[in-house]
Amino acid sequence: MPPNLAQSSLNSLTVGVLVLDGDDHPVLANPAAREMGLIRSASDAHAIVRTLAGQTRRSGVTRVVELDIPRANSDAEPLGVHVRAVDIGGGYVAVEAADVTEAHRVARVRRDFVANVSHELKTPVGALQLLSEALQDALNGGDPDAEAVTRFADRIRHESARLSRLVTELLELSKVQGADPLPDPEPCSVDRIVAEVIDRSRTASAAKDIEIKVLGDRGLVVYGNEGQLVTAVANLVENAVAYSPEGTRVEVEVGSGDEAVSLVVRDEGIGIEARDLDRIFERFYRADRARSRQTGGTGLGLAIVKHIATNHGGRVDVTSTVGKGSTFTLRLPSRSSEQG
Ligand code: ADP
């Protein structure tokens, strides 16, 4: 065996390996262990590692723990480690540590998402409960209050619609966020996508006297799933209408550049503060909660758009000026990945 084979193996591992002597001084540490911060200096192991080594040495029993270690730079995400400490005799303890930061992050995001969903569902469900009780009260007694009955029935319809939209968008989101590359991208006519979107937005735009103008190139083709692309562009146009005052104009402009087609949705609406721009694509993030409630928004629309863009090998960007309007640009590859 070449003399430095053990050392070069240790050096190449992504798992941190550390051996502590009877005084908890590190006698061996590979670069991964150093990178993880399990060893602070040549003679000093991390307090957590020392504690674990001490317990293992005293009991002689192998210890396995999984924990989050705060980073020296406290803003950064904690280091998630899966640590195993083994008593190897003579007071020495060998420690191996695998970086599970990403797995911990995914678990955390999932927990937050479930908490958010529960919270979002609780609001309309709670409202429905109260409204149905109020409706019952208004009907009870010898003389039903017809005006109150109509009002409560209207609110019940409104809250049910909100609940139904939330469930539909949650299903939509789960469909698009799981699917990494699209199974079978097909050529889709951009004209047809835009026409379908305008058709879907007609009621909402007419109600606010907003004209939707289609500009730019005709006859372009993108590759992907037509249903998903319609959903993405429709979400952008619905937002443009929802966040604009009456009588304004929304533009949908189609353009093509190097191997990409761009769909630009421009409005003359309320605009978005710079501090919110990065966050509006997050699930359930709304720049203005009260307004989003009014418009019946779920906070999921742009998260869906982002996932669809990514699934298609494209991207979505936004620029905005408060009080002037916003411009969302969806860029999609204009040729199939199989064509190279
Ligand atoms: P929502 O269902 O609340 O509209 P979205 O995910 O579609 O959720 O959008 C997230 C947030 O981004 C909205 O709540 C709103 O604050 C902001 N937003 C999205 N589109 C626009 C737009 N065209 N003009 C102004 N604000 C917008």
Practice item. Kindly indicate whether any position in the range 251-258 is within 30 Å of R289 (Cβ to Cβ) and open to solvent by 30 Å² or more (accessible area, probe 1.4 Å). Key: yes
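Among the residues in the range 289-307, are any crowded, with 17+ Cβ neighbours inside 10 Å, more than 8 Å from the ligand (Cβ to nearest atom) and outside the structural domain of E172 (by TED's automatic domain parsing)? Let's see the steps before the verdict.
The first filter runs over the range 289-307 and keeps only residues crowded, with 17+ Cβ neighbours inside 10 Å, leaving 292, 297-307.
This time we only want the ones that are more than 8 Å from the ligand (Cβ to nearest atom), so: 306-307.
Keeping just the survivors that are outside the structural domain of E172 (by TED's automatic domain parsing) gives 306-307.
So far as the range 289-307 goes, yes, one or more of its residues are crowded, with 17+ Cβ neighbours inside 10 Å, more than 8 Å from the ligand (Cβ to nearest atom) and outside the structural domain of E172 (by TED's automatic domain parsing).
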Revision key, fill the gap. Residues in the range 251-300 that are farther than 26 Å from D217 by Cβ and not in a loop (DSSP other than H, G, I, E, B) total 11
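Among the listed residues G325, G313, identify the single one that is more than 9 Å from the ligand (Cβ to nearest atom), in contact with a strand residue (DSSP E or B) (Cβ under 7 Å, 6 or more places away or on another chain) and among the small types (G, A, S). Break it down stepwise before answering.
Working: G325 fails: more than 9 Å from the ligand (Cβ to nearest atom).
Among G325, G313, only G313 is more than 9 Å from the ligand (Cβ to nearest atom), in contact with a strand residue (DSSP E or B) (Cβ under 7 Å, 6 or more places away or on another chain) and among the small types (G, A, S).
Going through the range 291-318 one residue at a time, which ones are without any contact (Cβ under 8 Å) to a residue 12 or more places away in the chain and over 21 Å from S205 (Cα atoms)?
The initial filter retains those residues of the range 291-318 that are without any contact (Cβ under 8 Å) to a residue 12 or more places away in the chain, namely 292-294, 310.
The one that is without any contact (Cβ under 8 Å) to a residue 12 or more places away in the chain and over 21 Å from S205 (Cα atoms): T310.
Which residues, taken from the range 254-272, are of a type in the set (D, E) and within 16 Å of the ligand (Cβ to nearest atom)? Steps first, answer last, please.
Here is the first cut: in the range 254-272, the ones of a type in the set (D, E) are 258-259, 267-268.
Within the range 254-272, D267, E268 meet the criteria.
The values are calculated or read from the model by the stated rules, or taken from the named source; none is laboratory data. Small disclaimer: the values here were computed from a predicted structure and weren't measured. FYI the Cβ positions are ideal-geometry reconstructions off the backbone, even for glycines, and counts take in every protein chain you see. The area values use the complete protein model at the heavy-atom level, side chains included, leaving out ligands, DNA and RNA. Shrake-Rupley method; radii C 1.70, N 1.55, O 1.52, S 1.80 Å.
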